[in-house]
Structure formats: structure tokens, C-alpha cells
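What follows is a short report on a single structure.
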Amino acid sequence: MRISPLRHTLAVLRTSIGLRQQQMADLVGCSKATIQAVELNKLKLSESLAELISAATGVSLDWLLKGDTKTPPLFGGPKCDKKRLGVVLTPELFHFYRDHVATQGIDEPENVQHIKTFLVFTFTDIAALAFNARLKSKTALFQYRINGYVAALKKEFGFAENIKRAAEQMLRDAEAGESINVNPVLAEFNGLKARFVRPGPSRRSATQSKTKRSRR
């Protein structure tokens, strides 16, 4: 594996916790090319990507954005134990964070920003791949493979009709020569919290619990 020059705090973080560039990309839902560009200072680290990295690894957002490559990565992600804030983020602490903290609540209805950010990065990756496929005159092969992957995912997860309707409006806008607006699609995720409100215990179950306690 070629050693990456430590020109950016992202490179310092990644090498400190023992991840390859592809592993870091998979962890935060972006492309390997994005990780490479940021580490080589060819692409500015956006706040949204920095927040994803902080949440995924447990690294301090302030340390990541400050850009001081001479100091080791510090622990301080959004879900970190306050008792450990500011300590050096070691590989052991990183794996502990991943196993016990980072993935908690990722599918909670309230946590929609993660999936929305992931979708934006995924769209960018697919657009970049489609561009290169066109340059190589392999657009048909690219579309065939993408359609195959999508079909397999549909079979596994199902297909949300509300998202499909919003996407169809995007397609009509594109065919009319208008700029593509992804906001209607992303807005559909804002309704997840309302759709998945967990009902509280019924009166009957509450009464049964009270009766059980009284019998004891």
C-alpha cells in the first residue's frame, strides 16, 4: 500500500486509526477519489463531509477542520463519552467507538440527515462514473450494470412510491431543459419521523403491569 503524504488532518486521522482510503470512503459514504483529493489538498473538506467523518470515527470536528497535521487526532465526535473528550484517538478507541456508539440510532426516524447526505454523495459518484463511461463509449454497459444493481436492491428493500413520484417530476424538469432540483426527493425523508412515531403502552398493558406489581 502506498503511503499517503500527511498534508491534511483527514490523512492523519485515517492513517492513525489504520484505515485505507477506500475503507474511509465506505465508512462515510463517499468515493475514494473524494478522500484522495481532500488528503492532497486538491479539494476543500466541506463541513457536511467533516461532520460525517466525525460521527463515523469519533474524531473531534474542531481538530479535523483546524488543519493542524502536527497534532494527533483527538477524540470528540457527537456521540462521544464526555469523560474521554480531548484524548488521542487511538485505533483501539476508534474500534470501541464503532462497536458501541457510532451505529446506535442510525436507523432512528430522527436521524435523516445521514441518509440525505449519503444520497447527495452517491449521486455525485454516479454522475462521475457516467461521465467517464461516456468518454469511453461504454454508456450502454454502464446503464446495464446500474440497472442490474438497482433491480437487486429493489428486490431486497422494496421501492417507495412517494420517492418515485418526486423523482419522476425531476425527470420531467430535466426533459424540459430545466435544472435538476433534488430537494423534492430529499424532502420526502423529512416525513420519516411522523410516519414512525412509536405508540406508547396501551391502557390495557399499563393496567396489567400495575396489577402485577400490586400482586407482588
The lone condition GLU156 fails out of (1) modelled with pLDDT under 80; (2) surrounded by fewer than 10 Cβ atoms within 10 Å (Cβ to Cβ); (3) of a type outside the set (Gly, Ala, Ser) is (1)
Of (1) under 23 Å from SER48 (Cα atoms); (2) at pLDDT 80 or above, ALA130 fails just (1)
In the range 166-199, residue farthest from ILE115 (Cα to Cα) [restricted to those that are of a type in the set (Lys, Arg) and at pLDDT below 80] = ARG198
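So that you can scan it fast, the table gives a plain yes or no per residue for (1) part of a helix (DSSP H, G or I); (2) basic (Lys, Arg); (3) more than 18 Å from PHE118 (Cβ to Cβ); (4) modelled with pLDDT of 90 or more:
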{"position": "MET1", "(1), (2), (3), (4)": "no, no, yes, no"}
{"position": "LEU6", "(1), (2), (3), (4)": "no, no, yes, no"}
{"position": "VAL12", "(1), (2), (3), (4)": "yes, no, yes, yes"}
{"position": "THR15", "(1), (2), (3), (4)": "yes, no, yes, yes"}
{"position": "ILE35", "(1), (2), (3), (4)": "yes, no, no, yes"}
{"position": "LEU45", "(1), (2), (3), (4)": "no, no, no, yes"}
{"position": "LEU52", "(1), (2), (3), (4)": "yes, no, no, no"}
{"position": "LEU64", "(1), (2), (3), (4)": "yes, no, yes, yes"}
What number of residues in the range 29-43 are within 18 Å of the chain's Cα centre (by Cα) and either farther than 16 Å from THR15 by Cβ or surrounded by fewer than 15 Cβ atoms within 10 Å (Cβ to Cβ) (or both)?
-> 5
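The values are calculated or read from the model by the stated rules, or taken from the named source; none is laboratory data. As the structure is a prediction and not an experimental result, all values here were calculated from the model. With ideal geometry, Cβ positions are generated from the backbone for all residues, glycine too; neighbour counts draw on all protein chains shown.
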